[in-house]
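The values are calculated or read from the model by the stated rules, or taken from the named source; none is laboratory data. Owing to the predicted nature of the structure, the values given are computational and were not obtained by experimental measurement. All Cβ positions, glycine included, derive from the backbone under ideal geometry; neighbour counts span all protein chains shown. Surface areas here come from the heavy atoms of the whole protein model, side chains and all, with no ligands, DNA or RNA. Shrake-Rupley method; radii C 1.70, N 1.55, O 1.52, S 1.80 Å.
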Amino acid sequence: SVSELFGMKAYRVLKPKIDAALSGEQITFETQLEYKIAGPRYVHISYIPDIGLDGTVYGYYGLTNDLTELKRSEELLRSTEERMALMLENVTDYAIFSLDKDGNIDSWNTGAEMIFGYAAEEIIGRSADLIFVEDDIAAGVPEAEMKRARQKGRASAERWHLRKDG
């Protein structure tokens, strides 16, 4: 039986879903189950009723995908991203920002706020040309940096930039 195979903790969660499948309903869900042998696992489950031509439900087919390692990897990535964002946000000696593929600013740290004078909420989504001096814009410097960033994964440079106050 299901309770013997998976254990009572898992069976208590699965029983209402199994009953729904046995009443003819197709069920798909994700949950964490405490299996008797395997322990806690995060799973995606589909129960498909086996319905005869006369409409009689003879049983159900079950498909279970174990997503535990995927969920752990996602949580680790999320945690790493949060720590990285916190670290970058607290760097105040350097302006650290990123641009989207169109050259618009999509991240802006505290150091960038202090150095350039723009608060994140007033510059995110705007063109990075705002911080380049006119001569660099005329010489195509912003486009050249974007090209270098696409090729090498980043672009850094030392040059004069324009603060919000000019």
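Within the range 78-89, work out how many residues are open to solvent by less than 100 Å² (accessible area, probe 1.4 Å) and under 12 Å from the mean Cα position of the chain (by Cα).
First, the residues of the range 78-89 that are open to solvent by less than 100 Å² (accessible area, probe 1.4 Å): 79-80, 84-85, 88-89.
Still in the running and under 12 Å from the mean Cα position of the chain (by Cα): 79-80.
Residues meeting the conditions: 2.
Being open to solvent by 60 Å² or more (accessible area, probe 1.4 Å) and under 24 Å from E82 (Cα atoms) is true for just one of K101, K152. Which residue is that? Give the derivation first.
On the way: K152 fails: under 24 Å from E82 (Cα atoms).
From the options K101, K152, the qualifying one is K101.
When both residues are 6+ apart or on different chains and their Cβ atoms are under 6 Å apart, which pairs have a first residue that lies in the range 132-147 and is in contact (Cβ under 8 Å) with a residue 12 or more places away in the chain, and a second that is part of a helix (DSSP H, G or I) and open to solvent by 30 Å² or more (accessible area, probe 1.4 Å)?
Every condition considered, the pairs that remain are P142/D129.
Looking at the range 107-131, which of its residues are closer than 17 Å to V91 by Cα and acidic (D, E)?
First, pick out the residues of the range 107-131 that are closer than 17 Å to V91 by Cα: 107-120.
Answer for the range 107-131, where residues must be closer than 17 Å to V91 by Cα and acidic (D, E): just E113.
Please verify whether the range 36-52 includes one or more residues that are out of contact with any strand residue (DSSP E or B) (no Cβ under 7 Å at 6 or more places or on another chain), assigned to a strand (DSSP E or B) and either more than 21 Å from A20 (Cα to Cα) or open to solvent by less than 70 Å² (accessible area, probe 1.4 Å) (or both). It would help to see each step written out before you state the result.
We begin by selecting, within the range 36-52, every residue out of contact with any strand residue (DSSP E or B) (no Cβ under 7 Å at 6 or more places or on another chain); these are 36-39.
Now narrow it down to the ones that are assigned to a strand (DSSP E or B): 39.
Within this subset, residues satisfying the condition of being either more than 21 Å from A20 (Cα to Cα) or open to solvent by less than 70 Å² (accessible area, probe 1.4 Å) (or both) are 39.
So far as the range 36-52 goes, yes, one or more of its residues are out of contact with any strand residue (DSSP E or B) (no Cβ under 7 Å at 6 or more places or on another chain), assigned to a strand (DSSP E or B) and either more than 21 Å from A20 (Cα to Cα) or open to solvent by less than 70 Å² (accessible area, probe 1.4 Å) (or both).
What tally of residues in the range 123-149 results from selecting those that are farther than 16 Å from S98 by Cβ and open to solvent by 80 Å² or more (accessible area, probe 1.4 Å)?
4
Please give the number of the condition L63 fails out of (1) among the aliphatic types (A, V, I, L, M); (2) open to solvent by less than 70 Å² (accessible area, probe 1.4 Å); (3) modelled with pLDDT of 90 or more.
For L63, the failing item is (2).
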